[in-house]
Amino acid sequence: MTRALTAGLISATLLAVATRPWGLAFIAWVALVPAFLALRTAAWRDHGALTAGATAFVAAVGFTSVAYEAVLGLSLTAYVVVLLSAAVPFGLAAAAATWCVRRLGPGSALVAYPAFWCAAEVLVRQEWLLGRFSLQVSAIGYTQSGSAAVHLARFSSVTTISLAILVVNSALAAWLHGQGRRHSTVGLVLVALAVWLAWRSAPPLHTSGGQGAQTRVAVLQPGLPASARGAAMHHPGVASELLAHLAELSSAARGEKGGAGSSLAPALEIWPEAVWPGRLRHAGTVSAPASPLAPEHGPPILLGAASYHTLTGAASNAAFTLTGSVLTHVFDKRHLVPLAEDGLQASTGPVVVSLGGVLVAPLICYDVAFPATVRAAARTGAELLAVLTDDTFAARSDVPLQHLRVAQLRAVESGMWLAFASNG
């Protein structure tokens, strides 16, 4: 048991390094080899399923500790509970796989461990099973957002990338264990071929070289401190100052040299989550305060705001459009963060709005972690995913880059353009 747990700890360390956005994602392709070797050995010993489960649990903590680092924004206790809870399904999966291997023979280990681990990834992300507490970022495949393997997601989802990583780790473990080397070699070749074909068949970023085929989108990331936005809730003077700052950034985004009609002018501006100073009280639409935010001939703006509906009394984390001087409510955050956003109203599904000649699906923060929501937006006809977020609560950690990495997978899976507007 001690050797197995040590192997699990080595894998946990390697997975943690691979999951960090440090440019070392390639380590994920070998990170689970020590754990898988230990699982193979444990399968033929007394209490093998228990040993395998404990080993896989320890290994899984390596990536759940990084994947759910954002929970530290709630509390240290909540973070520990979530990272340990998220690792449990992988321990159970390894125990079940070991039980099967003992009955089917050692040759089945090559397939059993990747299949059961991958099945655990899929199950914990199902809303019908865990509801709002589903574990959406429990996928090793997210580590590969910057590699050629990311294109595997076009054929299914991030799960396809995870399966490829797990098969490679299992095949390497079989090689080192000295069993089934022929089948291991076939597995490695097939994964390498699949990654190469997915990369080579990826669609080009631009299907036409003509300027008319391009749409310019401006993404504003103003870096507003939480203290200033909090003060704007209670002091109109602070709110006016913040609006003036946003107006200045917006003018720069439109290209002051050429003016609103120049080739530099964007067709659409996208601002972050909750960027509007103060809470927007509305009944569907509301007149914006007098400001140069949206000049008469300026592009429409999609922005995030704390919202309060004056007719229903519902508060929400919302997205508004600003066209001219009219603010229009278009979307409430679909997936609320458990505990942190209890009591807010949520949308029942994605929406698509036409802005600047583009069909845009707004997503707010955590929404982008849900592949089903993005698929629904694609089926509705969306051409652009607009992610409005604010990760400044964790700006000194790797959380903002991890969030971007998740968003990149949604773009690849759906085949849609994506704009990521983060306050920080």
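Figures for the structure shown
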{"quantity": "Qualifying position, being surrounded by 15 or more Cβ atoms within 10 Å (Cβ to Cβ), at pLDDT 85 or above and more than 25 Å from Val353 (Cβ to Cβ), among Ala202, Ala192, Ala231, Ala218", "calculated": "Ala231"}
{"quantity": "In segment 391-410, residue modelled with the lowest pLDDT [restricted to those that are open to solvent by 20 Å² or more (accessible area, probe 1.4 Å) and among the aliphatic types (A, V, I, L, M)]", "calculated": "Ala395"}
{"quantity": "Criterion: touching a Ser or Thr at 6+ places or on another chain (Cβ under 7 Å), part of a helix (DSSP H, G or I) and more than 13 Å from Val360 (Cβ to Cβ) - qualifying residue of Gln408, Gln402", "calculated": "Gln408"}
{"quantity": "Matching residues, segment 19-48, being open to solvent by 40 Å² or more (accessible area, probe 1.4 Å), assigned to a helix (DSSP H, G or I) and not aromatic (Phe, Trp, Tyr)", "calculated": "Val30, Leu37, Thr41"}
{"quantity": "Test: residue in segment 69-90 that is open to solvent by less than 70 Å² (accessible area, probe 1.4 Å), touching a residue at least 60 places away in the same chain (Cβ under 8 Å) and of a type in the set (Ser, Thr, Tyr)", "calculated": "no"}
{"quantity": "Total residues in segment 120-139, condition buried (at least 21 other Cβ atoms within 10 Å of the Cβ) and charged (D, E, K, R)", "calculated": "2"}
{"quantity": "Long-range neighbours under 7 Å by Cβ, at least six apart or interchain, first residue under 15 Å from Leu37 (Cα atoms) within segment 53-67, second among the polar types (S, T, N, Q)", "calculated": "Ala59/Ser11"}
{"quantity": "Total residues in segment 250-278, condition modelled with pLDDT under 90 and surrounded by fewer than 16 Cβ atoms within 10 Å (Cβ to Cβ)", "calculated": "10"}
{"quantity": "Among the residues listed as Ala70, Ala56, Ala78, the single one being assigned to a helix (DSSP H, G or I), out of contact with any Leu (no Cβ under 6 Å at 6 or more places or on another chain) and under 24 Å from Ala109 (Cα atoms)", "calculated": "Ala56"}
{"quantity": "Residue within segment 370-380 that is small (Gly, Ala, Ser), over 23 Å from Pro203 (Cβ atoms) and modelled with pLDDT under 95 present", "calculated": "no"}
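The values are calculated or read from the model by the stated rules, or taken from the named source; none is laboratory data. Since this is a predicted model, take the numbers as computed values, not measurements. Note that we place each Cβ from the backbone using ideal geometry, even for glycine, and neighbour counts take in every protein chain shown. Keep in mind that these areas ignore ligands, DNA and RNA; they rest on the heavy atoms of the full protein, side chains included. Shrake-Rupley method; radii C 1.70, N 1.55, O 1.52, S 1.80 Å.
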